[in-house]
Amino acid sequence: MAKLRTSYITELKRRAKESHVYRKYQLLGLEISQILNDEKHKSLYIKLAKEEGAERMLRLAKDIADRKNIKNRGAYFMALLKNPPIHAK
């Protein structure tokens, strides 16, 4: 019985290390959290990628990551996502 329990726990540990990404929006949400260096809020980015359109969010995250003077990239990203700047035509 102890051997069975040990092998079961070993199997659980092995499976926990594997990726649990099943949909494209999940992967894009994780990429956005890494780009913004804000992995603490990765579930938020996954949710937003599903609801808001991941491609637009990915472009915005890459643009923000290129800017060096932003201290809190996650907060700046959320501000721009909800209130996009108005560009003069």
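Remarks
- Residues that are within 12 Å of Leu81 (Cα to Cα) and open to solvent by less than 40 Å² (accessible area, probe 1.4 Å) within segment 58-68 comprise Leu58, Leu60, Ala61, Ile64, listed in sequence order.
- Whichever residue in segment 25-57 is basic (Lys, Arg) and at pLDDT 90 or above and, among such residues, is surrounded by the most Cβ atoms within 10 Å (Cβ to Cβ): Lys42
- Condition check for Ile32: under 16 Å from Phe77 (Cα atoms) and part of a helix (DSSP H, G or I): yes
- The residue pairs whose first member lies in segment 10-21 and is on the phi > 0 side of the Ramachandran plot and open to solvent by 90 Å² or more (accessible area, probe 1.4 Å), whose second member is hydrophobic (A, V, I, L, M, F, W, C) and assigned to a helix (DSSP H, G or I), and whose beta carbons are closer than 8 Å, counting only pairs six or more residues apart or on different chains, do not exist in this structure.
The values are calculated or read from the model by the stated rules, or taken from the named source; none is laboratory data. Note that this is a predicted model, so its numbers are computed, not measured. So basically every Cβ, Gly included, is an ideal-geometry build from the backbone, and we count neighbours across all protein chains shown. Note: areas computed on protein heavy atoms with side chains; ligands, DNA, RNA excluded. Shrake-Rupley method; radii C 1.70, N 1.55, O 1.52, S 1.80 Å.
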